[in-house]
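The values are calculated or read from the model by the stated rules, or taken from the named source; none is laboratory data. Bear in mind the structure is a predicted one, so any value in this text is a computation, not a measurement. No Cβ is skipped: glycine too gets one built from the backbone with ideal geometry, and neighbour counts run over all protein chains shown. With ligands, DNA and RNA removed, areas are computed over all heavy atoms of the protein, side chains included. Shrake-Rupley method; radii C 1.70, N 1.55, O 1.52, S 1.80 Å.
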Amino acid sequence: MKGKFGRILGNFKTIHGKDVAETLMEEGHAVAYNGGDKDKLLTIEQWGTTTCHSMLRAFYGASNVHMNANDTPDLSEATNLALMFAATSRLGVSSGNWDWDTSSVIFMGLMFSDSDFDFDISSWNIENIEDLNGSMSMFPDTTLSSDNYDALLTSWEEQNVNPNLIFDGG
């Protein structure tokens with residue numbers, strides 16, 4: 001594991017005798033998805049300096065999670081953000097920094113599916129995203145505000161994007 005993971009808060013006990021944050025980011029990917037104590041995860045207060053290799057299903061089903069971190073995750077080696085925040089229902093009350101470097105990411109499919117996500121991510125680089133089974137269907141059952149949706153489309157239109165991408169805006 002590179003770096004140090006930040007602060008994730010909730011009503012957790014230690015997992016396998018390790019600190020919760022260390023366990024969640026073991027081997028550079030999150031492992032807190034859709035099971036066990038997922039509803040005890042309350043906030044992401046700091047991402048820290050850990051290099052994430054995959055955030056596939058990282059917070060999937062964590063219905064109470066808020067993303068309040070002012071720093072951003074180190075995604076320089078991450079290729080998969082699919083289902084990262086799917087089925088979360090409290091993101092809409094978050095106050096965190098969504099200005100992430102996504103330039104190495106290949107998969108973002110269903111990332112915010114069935115969530116209340118509505119933030120400006122127009123700064124995200126999607127030039128490396130591949131179209132595998134509709135991987136750009138990031139927002140099914142999610143409604144972005146007109147301002148965030150317009151900013152997203154305007155920004156992404158200016159990028160050199162794979163022409164075969166399927167985009168589903170919710």
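Sort out which residues of region 86-105 are assigned to a loop (DSSP other than H, G, I, E, B) and open to solvent by less than 40 Å² (accessible area, probe 1.4 Å), and write them in order of number. Ala86, Ala87, Thr88, Ser94, Gly96, Trp98, Trp100, Thr102, Ser104, Val105 - these are the residues of region 86-105 that are assigned to a loop (DSSP other than H, G, I, E, B) and open to solvent by less than 40 Å² (accessible area, probe 1.4 Å). Here the condition is being in a loop (DSSP other than H, G, I, E, B), open to solvent by 20 Å² or more (accessible area, probe 1.4 Å), closer than 20 Å to Met138 by Cβ and touching a strand residue (DSSP E or B) at 6+ places or on another chain (Cβ under 6 Å); of Leu83, Leu56, it holds for Leu56 alone. The combined condition, being of a type in the set (Phe, Trp, Tyr) and modelled with pLDDT under 90, is fulfilled by Trp156.
Of the residues that make up region 64-75, is at least one among the hydrophobic types (A, V, I, L, M, F, W, C), in contact (Cβ under 8 Å) with a residue 60 or more places away in the chain, over 17 Å from Asp141 (Cα atoms) and crowded, with 21+ Cβ neighbours inside 10 Å? So far as region 64-75 goes, yes, one or more of its residues are among the hydrophobic types (A, V, I, L, M, F, W, C), in contact (Cβ under 8 Å) with a residue 60 or more places away in the chain, over 17 Å from Asp141 (Cα atoms) and crowded, with 21+ Cβ neighbours inside 10 Å.
For Ser135, state whether it is modelled with pLDDT under 90 and more than 21 Å from Asn164 (Cβ to Cβ). No. State whether the residues of region 129-141 include one that is touching a Ser or Thr at 6+ places or on another chain (Cβ under 9 Å), hydrophobic (A, V, I, L, M, F, W, C) and open to solvent by 10 Å² or more (accessible area, probe 1.4 Å). Among the residues of region 129-141, not one is touching a Ser or Thr at 6+ places or on another chain (Cβ under 9 Å), hydrophobic (A, V, I, L, M, F, W, C) and open to solvent by 10 Å² or more (accessible area, probe 1.4 Å), which makes the answer no.
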